[in-house]
Amino acid sequence: MRERHREIIGYEASWRLEALLRRLASVTGAYPWLAPGVTHTQVRRTIKRLRSGAMQSPEPDIPSPVLADLLEGAIAQDTLIREARADMISLWELIATLKRRAR
């Protein structure tokens, strides 16, 4: 691999890692994981029903507004994880491309 390619990889990796750490640092609480197969749209509908009073919290100890807040946090957490995964995949693709060019 050429020196220039190593510089590009180093710059990209450090820039993306720094951005990821900034995003992770902005998370203020721990939220539950969304169930597999549940879409953000489905969760947003549930949040809307909880906030409007059309649906009550299935857990008697958790008020509906609190559950809605938790679900919103879970969506934000899931989005953050998906973005981080996409960043890592694109970085690996960049590395693979540079390795192919170096041959």
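The values are calculated or read from the model by the stated rules, or taken from the named source; none is laboratory data. Just so it is clear, the structure is predicted and the values come from calculations on it, not from any experiment. Because the Cβ atoms are built from the backbone with ideal geometry, glycine has one as well, and the counts that use them run over all protein chains shown.
Can you name the residue in region 57-103 that is part of a helix (DSSP H, G or I) and of a type in the set (Asp, Glu) and, of all such residues, is farthest from residue 21 (Cα to Cα)?
So the residue we want is 69.
Going by the structure shown, is residue 64 surrounded by 12 or more Cβ atoms within 10 Å (Cβ to Cβ), modelled with pLDDT of 90 or more, hydroxyl-bearing (Ser, Thr, Tyr) and on the phi < 0 side of the Ramachandran plot?
When the stated conditions are applied, residue 64 passes them.
Mind listing just one residue for me: the one in region 19-56 that is hydroxyl-bearing (Ser, Thr, Tyr) and assigned to a helix (DSSP H, G or I) and, of those, surrounded by the most Cβ atoms within 10 Å (Cβ to Cβ)?
The selected residue is 46.
Of all residues in region 5-24, how many are over 15 Å from residue 90 (Cα atoms), touching a helix residue (DSSP H, G or I) at 6+ places or on another chain (Cβ under 9 Å) and not basic (Lys, Arg)?
Number of matching residues: 2.
Just to be sure I understand, how many residues within region 1-57 are among the acidic types (Asp, Glu) and touching a residue at least 12 places away in the same chain (Cβ under 8 Å)?
Result for region 1-57: 1.
Please indicate, with yes or no, whether at least one residue in region 32-50 is touching a Ser or Thr at 6+ places or on another chain (Cβ under 8 Å) and either among the charged types (D, E, K, R) or farther than 30 Å from residue 93 by Cα (or both).
Yes, some residue in region 32-50 is touching a Ser or Thr at 6+ places or on another chain (Cβ under 8 Å) and either among the charged types (D, E, K, R) or farther than 30 Å from residue 93 by Cα (or both).
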